[in-house]
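The values are calculated or read from the model by the stated rules, or taken from the named source; none is laboratory data. Computed from a predicted structure; not experimentally measured. Here the Cβ positions follow ideal geometry from the backbone for every residue, glycine too, while neighbour counts run over all protein chains shown. Calculation scope for accessible area: heavy atoms of the full protein, side chains included, ligands and nucleic acids excluded. Shrake-Rupley method; radii C 1.70, N 1.55, O 1.52, S 1.80 Å.
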Amino acid sequence: ETRSNIKFHFDNRYFDKPLDFGDLTVYQLGDLYCGDETTTGEHDQIVPFELTITERGNGYFYTDGKCEPMKKGRAYLSLKGDRHRINSGRGDTLRYFYVAFGIKPESSLSAFPLLAVFRFHFWPKRRRGGWARGATAGGG
């Protein structure tokens, strides 16, 4: 279910004609600023990666039923096949940026798991089934 209290939404979709950015293929770029109790609605991640970065406010990032709090400066990585949604907090606004992308097979980046690139930024807490995917921009 999607609830909307959207104040601003810049959503560029390039699924039919992805953008070429060197080693990356970009499928979607966006900026969403929403009021309290807004939800994106649960959906499946259909491209290899989606990086979401909280610019301001508070909310909740749900991946496969697990919840991580969203706070300014935190980043969240969704992987292909993840089922996810975002909810803004009660009585608060939330603004975040997102980019959905893939790494080209011929790229030298494809030889390294993307999660390894972000590894040192991840929260040190474990969650059932793996490490938490949320990270802070400052690495802590």
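Determine which single condition Asp44 fails, assuming it passes every other condition in (1) farther than 15 Å from Ser88 by Cβ; (2) exposed (fewer than 15 other Cβ atoms within 10 Å of the Cβ); (3) in contact with a Ser or Thr (Cβ under 8 Å, 6 or more places away or on another chain). With respect to (1) farther than 15 Å from Ser88 by Cβ; (2) exposed (fewer than 15 other Cβ atoms within 10 Å of the Cβ); (3) in contact with a Ser or Thr (Cβ under 8 Å, 6 or more places away or on another chain), Asp44 is out only on (3).
Yes/no matrix, rows are residues, columns are (1) among the hydroxyl-bearing types (Ser, Thr, Tyr); (2) at pLDDT below 55; (3) assigned to a loop (DSSP other than H, G, I, E, B):
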| site | (1), (2), (3) |
| --- | --- |
| Phe97 | no, no, no |
| Gly102 | no, no, no |
| Leu109 | no, no, no |
| Phe120 | no, yes, no |
| Gly138 | no, yes, yes |
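Considering the stretch 7-34, the residues that are over 17 Å from Thr52 (Cα atoms) and outside any loop (DSSP other than H, G, I, E, B) include one that is least open to solvent (accessible area, probe 1.4 Å), namely Leu19.
For the stretch 86-100, the set of residues classified as closer than 19 Å to Phe10 by Cβ and either in contact with a Pro (Cβ under 7 Å, 6 or more places away or on another chain) or open to solvent by 20 Å² or more (accessible area, probe 1.4 Å) (or both) consists of Thr93, Arg95, Phe97, Tyr98, Val99, listed by residue number. In the stretch 14-35, the residues that are at pLDDT below 95 reach residues that are among the basic types (Lys, Arg) and part of a loop (DSSP other than H, G, I, E, B) with C-beta atoms within less than 8 angstrom, at least six apart or across chains, in these pairs: Asp23/Lys104; Leu24/Lys104.
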